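Just below is one structure, and these are the notes that go with it.
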Amino acid sequence: METVFIKGLGLIGSSLARAIRQDHPQIQIIASDVNEETLQYAKENNIADRVVTDMTGVDQADYIILASPVSQIIKDITALANLKLKSGVIITDVGSTKQTIMQAGKVLTQRNLTFIGGHPMAGSHKSGVQAGRADLIENAYYFLLPASESTDTSKLTWLLAGTNAKWLELTPSQHDKIVAQISHVPHIIAAELVNQTQQAFKDEPVGMRVAAGGFKSVTRIAASDPTMWSAILLNNKELILKQLTSYITGLENIGALIKKEDRSALFDFFKQAKVSRESLNTPARAPFYDLFLNIPDKSGEIARVTGMLAKHHLSIINIQILEVREDINGILQLVFNTEEARDQAARILEKDYEIVTR
């Protein structure tokens, strides 16, 4: 019987445990976390076979997954380097910065241990063991960073096959530059926008009460775990600071255009952003295909839409209601994994619903 040791049962750690349990029920899962309530929940809900608050049992593991905040992952790597581990063990992590982690991981490779850096590009504004889902990472990119070119990642991808992730190998520098721009800086912007808005409306409580639509969409990620995000920023600070400086310069330039009332330049600014944003849905840039439709605010309407598609055996990989009320009311976004499925769904639904081009 193979054994997996998972250190950290937050959103990602517990989601991986659930996916492993679902796809490989024969594998024993040992889960470690400092929170006793988290461990109790994991045990009661069959997320783990054994629960510990330290590294007890790690010497029995065929796989070790480090799923704590980045700063703790680095400490755990150092601890593992001084422990007697099972021959052939595969060690990985899920940290969202990679250069510091891969540098720390050298102590493992020096002991001829297999270390594969990892980062699933999925998450939620919710956190903790109860927020975990077996399908959290489905159809999301999962970055892998082998410690050496000769490292075989097939055993790890077999273990995590139940996530249905899209595997992509990157270098640490590539990874950190990408996530700084598309994940880390956006989290800072969202959090600052929420804090600034709260301050602006401190004497106007109605302001925060009516905040919805675009504001909620833009700032949703500001509700993420502050412990995790403070650790992330400090472990990728050079790239984040560089990109923040560029962002601030961009905002200052926009401010100057507004001050000069340069309508043409402002139009070009928004047009460029619109074209770039829409290109995210093209086949060359993303594996997902979106369909938007107006739906009335009536009980059972979403069930009706999904039921119509189910009759034609069309699989939806994601669904959400867009709350951008200042744009178009009642927008339902359906996401498909092929262009053919998206187009077939449009033909089915256009008889009863208005298809929206965005």
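Criterion applied to Gly88, Gly105, Gly128 was being surrounded by fewer than 17 Cβ atoms within 10 Å (Cβ to Cβ), touching a strand residue (DSSP E or B) at 6+ places or on another chain (Cβ under 8 Å) and either more than 29 Å from Phe336 (Cβ to Cβ) or aliphatic (A, V, I, L, M) (or both), and the one residue passing it is Gly88.
Annotation note: Cβ proximity below 6 Å between a residue of segment 80-102 that is in the same structural domain as Lys237 (by the TED database) and among the aliphatic types (A, V, I, L, M) and a residue that is at pLDDT 95 or above and in a loop (DSSP other than H, G, I, E, B) (sequence gap 6+ or interchain) occurs for no pair. Counting only helices (runs of 4 or more DSSP H) that sit completely within segment 127-206, those holding 1 or more residues that are not assigned by the TED database to the domain that holds Val107 correspond to 172-179, 185-200. Kindly evaluate Thr97 against the criterion of being modelled with pLDDT under 95 and not in a helix (DSSP H, G or I). So Thr97 passes the test. Note on segment 175-206: residues that are at pLDDT 90 or above, open to solvent by 90 Å² or more (accessible area, probe 1.4 Å) and closer than 30 Å to Gly117 by Cβ total 3. As a summary of the residue check, Thr245 satisfies the conditions (1) at pLDDT 90 or above; (2) among the β-branched types (Val, Ile, Thr); (3) more than 27 Å from Ile101 (Cβ to Cβ) except for the one numbered (3).
Of all residues in segment 292-312, those that are in contact (Cβ under 8 Å) with a residue 24 or more places away in the chain and closer than 13 Å to Leu334 by Cβ have Cβ atoms under 6 Å from Cβ atoms of residues that are assigned to a loop (DSSP other than H, G, I, E, B) and open to solvent by 60 Å² or more (accessible area, probe 1.4 Å), 6 or more apart or on another chain, in Phe292/Arg358.
Residues that are touching a Gly at 6+ places or on another chain (Cβ under 8 Å) and more than 30 Å from Thr219 (Cβ to Cβ) within segment 92-116 comprise Thr92, Met102, Gly105, Thr114, Phe115, listed in sequence order.
Would you be able to say whether some residue in segment 58-75 is in a loop (DSSP other than H, G, I, E, B) and without any contact (Cβ under 8 Å) to a residue 40 or more places away in the chain? No, every residue in segment 58-75 fails to be in a loop (DSSP other than H, G, I, E, B) and without any contact (Cβ under 8 Å) to a residue 40 or more places away in the chain.
Among the residues that make up segment 15-28, is at least one of them assigned to a helix (DSSP H, G or I), of a type in the set (D, E, K, R) and farther than 25 Å from Ala165 by Cβ? No; the residues of segment 15-28 include none that is assigned to a helix (DSSP H, G or I), of a type in the set (D, E, K, R) and farther than 25 Å from Ala165 by Cβ.
From the list Thr306, Thr338, Thr282, the one residue that fits, being modelled with pLDDT under 85 and hydroxyl-bearing (Ser, Thr, Tyr), is Thr282. I want to confirm something. Restricting to segment 27-54 and keeping residues that are of a type in the set (Ser, Thr, Tyr) and either in contact (Cβ under 8 Å) with a residue 40 or more places away in the chain or surrounded by fewer than 21 Cβ atoms within 10 Å (Cβ to Cβ) (or both), which single residue is farthest from Leu66 (Cα to Cα)? Among those that are of a type in the set (Ser, Thr, Tyr) and either in contact (Cβ under 8 Å) with a residue 40 or more places away in the chain or surrounded by fewer than 21 Cβ atoms within 10 Å (Cβ to Cβ) (or both), it is Tyr41.
The values are calculated or read from the model by the stated rules, or taken from the named source; none is laboratory data. Since we're looking at a predicted model, the values are computed, not measured. Note: ideal-geometry Cβ built from the backbone for every residue, glycine included; neighbour counts use all protein chains shown. Note: accessible area is taken over every heavy atom of the protein model, side chains too, but ligands, DNA and RNA are not part of it. Shrake-Rupley method; radii C 1.70, N 1.55, O 1.52, S 1.80 Å.
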